[in-house]
1. Residues with amide H under 5 Å of Val237's amide H, sequence separation 5 or more or different chain, H placed in the peptide plane at 1.01 Å from N; which?
2. Which cross-chain or sequence-distant (5 or more) residues have an amide H under 5 Å from the amide H of Leu269, H modelled 1.01 Å from N in plane?
3. When only the heavy atoms of the protein chains count and the probe is 1.4 Å, how do Lys102, Lys91 rank by accessible area, highest first?
4. Between their Cα atoms, which of Lys91/Lys131; Lys14/Lys35; Lys87/Lys179; Lys75/Lys270; Lys273/Lys293 are more than 23 Å away from each other?
5. In what sequence, largest accessible area first, do Tyr139, Tyr185 appear using a 1.4 Å probe?
6. Using only the heavy atoms of the protein chains and a 1.4 Å probe, how would Ile267, Ile52, Ile30 rank by accessible area, largest first?
7. At a Förster radius of 35 Å, what calculated FRET efficiency corresponds to the Cβ-Cβ distance of Asp298 and Ser33, to the nearest 0.05?
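The values are calculated or read from the model by the stated rules, or taken from the named source; none is laboratory data. Computed from a predicted structure; not experimentally measured. Glycine also receives a Cβ, built like all others from the backbone with ideal geometry; neighbour counts cover every protein chain displayed. Please note that ligands, DNA and RNA were not included when accessible areas were found on the heavy atoms of the full protein model with its side chains. Shrake-Rupley method; radii C 1.70, N 1.55, O 1.52, S 1.80 Å.
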Amino acid sequence: MDNLTDIGQNDVMKSFTKTDDIMNDMRKIIESSQKTAYQAVNTILVQRNWLIGYRIASEELKGENRADYGAEVIKKLSSQLTKEFGKGFTKSSLYSFYSFYKAYPEIFQTVSGKSAKLLSWSHYSVLLQVKDKAARDWYEREAVKQTWSVRTLQRNISSQYYYRMLQTQNKELVESEMKQLTSDYQTDKLEFIKNPVIAEFLGFSSNSDFTESELESTILTNLQKFLMELGKGYAFVARQQHIHTEKQDYFIDLVFYNYILKCFVLIDLKTEKISHQDVGQMDMYIRMYDELKRSDGDNPTIGIVLCSDTDEDIARYSVMHGNEQLFASKYKLYLPSEEELRAEIETQKTMFYLQHKKDKE
């Protein structure tokens, strides 16, 4: 029975054609099923976010001072929805849904009456960065036509690809360069599975296996135990905690709360030497954490950037400007020293390499 069109009418069944290569057939079945499942989930997610934005936009019309009223509505909604449904309903997320509706009020309507082909919600989140409607519409059309990944779209917007294409006399050259620079972004078949937005929408936990190497996972697991065993007030909060900005998704490796210091402690592990950008990224994490998680009675958040470079294991503390004295006088009493952290990383690396050497023998 080579023809299965009579059995099912969905895209997975219709697209399957049996060949003499069973492994190739397996690959096509699995990839087609994943793609179809993602498209179904994505359509509902985009519709949900648009409807939430529509409802918020309708509500704001009731307020006399629209800006203040809208902000208060979103603040209350964020708190209540997060309590009831969990992640995915921060104030910034709700503002994004509202902006999405405002930017695409007729996204589900076409002249022909047929359903328009939708991009993923992550694509639309990136497109909302573009305030120029003509440019935004162009990026949307090209993303659909050329099946750009989210990373490709973000790269093209950040590099002003639309405006460069308008100005150039040699569009083929500019396009060819773009495709070369984004080729690695287009080959990740599991991008949709890794997407934390999809995981949050379905109520799943994000899979940290995708974002950690085996060595990183070993170091982080043992650092978590190390800090908990210090006996200095550490309570574990999260691992690979998702932080979403306007342009990118980030994952904080480890998050603790110290109930003696009354502050959050963020830890980020780098597999290469620490750069100024790494410290700057941690400062961004601290700002976002203070805005989203810090309560009135909490002290400023502390960040620790660790490096597991093969030549030198180092640690850098990151504190926002203006809090240095507080950090120096009090926090260091309860935070592990750079020497302690360096020794712990080196110990775990040595054990990891010895174990793997033994496994290969």
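1. Result for Val237 returns Val255, Phe256, Tyr257.
2. Those qualifying (amide H under 5 Å, at least 5 residues apart or on another chain) are Asp253, Leu306.
3. The ranking, largest first, comes out as Lys102, Lys91.
4. Lys87/Lys179; Lys75/Lys270; Lys273/Lys293
5. Tyr185, Tyr139
6. If we order Ile267, Ile52, Ile30 from most to least accessible, we get Ile30, Ile52, Ile267.
7. It comes to 0.15.
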